1. What is the number of the single condition among (1) in contact (Cβ under 8 Å) with a residue 12 or more places away in the chain; (2) closer than 18 Å to PRO165 by Cα that ALA121 does not meet?
2. PRO200: under 18 Å from CYS62 (Cα atoms), open to solvent by less than 20 Å² (accessible area, probe 1.4 Å), in contact (Cβ under 8 Å) with a residue 60 or more places away in the chain and not small (Gly, Ala, Ser), yes or no?
3. Tally time: how many residues in the stretch 150-177 are open to solvent by 20 Å² or more (accessible area, probe 1.4 Å) and over 18 Å from the mean Cα position of the chain (by Cα)?
4. If I ask for residues that are in a loop (DSSP other than H, G, I, E, B) and not charged (D, E, K, R), which ones from the stretch 145-182 would you list?
5. Are there any pairs with C-beta distances below 7 angstrom linking a residue in the stretch 66-84 that is more than 12 Å from PHE100 (Cβ to Cβ) to a residue that is open to solvent by less than 60 Å² (accessible area, probe 1.4 Å) and part of a helix (DSSP H, G or I), with the two at least 6 apart or on different chains, and if so which?
6. Go through THR147, THR140 for me and flag whichever is open to solvent by less than 40 Å² (accessible area, probe 1.4 Å) and either over 25 Å from GLY53 (Cα atoms) or touching a Pro at 6+ places or on another chain (Cβ under 7 Å) (or both).
7. Within the stretch 53-70, which residues are among the basic types (Lys, Arg) and either closer than 13 Å to GLY198 by Cα or modelled with pLDDT under 90 (or both)?
8. Would the stretch 47-63 turn up any residue that is in contact with a Pro (Cβ under 7 Å, 6 or more places away or on another chain), among the β-branched types (Val, Ile, Thr), crowded, with 17+ Cβ neighbours inside 10 Å and not in a helix (DSSP H, G or I)?
Amino acid sequence: TDTAGLRKRSNISDGLERYMVVRALAAVERSRVALILVDATVGFTEQDSKVAGYAHEQGKGCIVAVNKWDAVDKDGRTMQEYRKKLENDFSFMSYVPFIFISAKTGQRIDKLYELINFVNAQNAMRVPTGRLNDMLSYATARVQPPTDKGKRLRIYFCTQATTRPPTFVFFCNDRELFHFSYQRYLENCLRNTFGLEGTPIIMT
């Protein structure tokens with residue numbers, strides 16, 4: 001479903017526009033994979049950030065597709081440099097894949113559909129509890145859980161509660177000791193072990 005673009009709410013001047021925004025947000029909510037289209041001739045915009053942020057918050061699989069790539073003057077480093085800039089722009093979604101396409105010429109459109117199916121499967125992935133806890137044992141042995149005031153975090157086991165997005169529950173001795181930095185480390189371990197490309201994950 002094409003969201004038809006989202007504007008700042010302060011710029012919505014009439015009932016029709018408001019209705020269009022409600023429809024756009026509802027379309028994101030109904031989706032399984034959100035395709036965030038970036039105009040290659042314009043670059044990353046505030047609207048792109050808002051659409052991506054909303055899709056992320058909703059737990060959707062996400063892909064950033066850079067359209068009109070045929071209209072960009074290129075040399076041997078253009079795609080690499082553009083990708084680095086996008087990685088910075090979408091730093092709050094470090095898991096998101098990028099693909100450079102042209103709707104006009106059909107460039108990489110077949111690859112785009114393959115990527116949509118792949119990300120949809122990643123968003124629906126369920127990891128067996130045994131494999132999760134094997135990963136957890138390795139991760140905690142490699143980097144010990146943090147301590148605070150002489151008390152160390154102990155994580156007893158982990159299980160996956162649900163999918164879309166993949167949600168993992170960690171059972172530990174003290175929730176307050178489960179600092180954000182260690183959660184980020186375990187998230188990276190989950191992604192490195194199981195993939196989970198293109199999907200946000202929730203850790204509780």
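1. Answer for ALA121: the failing condition is (1).
2. Working: under 18 Å from CYS62 (Cα atoms): yes; open to solvent by less than 20 Å² (accessible area, probe 1.4 Å): yes; in contact (Cβ under 8 Å) with a residue 60 or more places away in the chain: yes; not small (Gly, Ala, Ser): yes.
Considered against the rule, which asks whether it is under 18 Å from CYS62 (Cα atoms), open to solvent by less than 20 Å² (accessible area, probe 1.4 Å), in contact (Cβ under 8 Å) with a residue 60 or more places away in the chain and not small (Gly, Ala, Ser), PRO200 comes out as yes.
3. Selection size over the stretch 150-177: 16.
4. Correct list: PRO145, PRO146, GLY150, LEU153, THR163, PRO165, PRO166, ASN173, PHE178, HIS179.
5. As it stands, the answer is none, since no pair meets every condition given.
6. On the way: THR147 fails: open to solvent by less than 40 Å² (accessible area, probe 1.4 Å).
Among THR147, THR140, only THR140 is open to solvent by less than 40 Å² (accessible area, probe 1.4 Å) and either over 25 Å from GLY53 (Cα atoms) or touching a Pro at 6+ places or on another chain (Cβ under 7 Å) (or both).
7. The one that is among the basic types (Lys, Arg) and either closer than 13 Å to GLY198 by Cα or modelled with pLDDT under 90 (or both): LYS60.
8. Applying the first criterion (in contact with a Pro (Cβ under 7 Å, 6 or more places away or on another chain)) to the stretch 47-63 yields 56, 59, 63.
Those left that are additionally among the β-branched types (Val, Ile, Thr): 63.
From what's left, crowded, with 17+ Cβ neighbours inside 10 Å: 63.
Of the ones still in play, those that are also not in a helix (DSSP H, G or I) are 63.
Yes, there is a match, as at least one residue in the stretch 47-63 is in contact with a Pro (Cβ under 7 Å, 6 or more places away or on another chain), among the β-branched types (Val, Ile, Thr), crowded, with 17+ Cβ neighbours inside 10 Å and not in a helix (DSSP H, G or I).
The values are calculated or read from the model by the stated rules, or taken from the named source; none is laboratory data. Note that the structure is predicted; figures quoted are calculated from it, not measured. Positions of Cβ are backbone-derived with ideal geometry, glycine not excepted, and every protein chain shown enters the neighbour counts. With ligands, DNA and RNA removed, areas are computed over all heavy atoms of the protein, side chains included. Shrake-Rupley method; radii C 1.70, N 1.55, O 1.52, S 1.80 Å.
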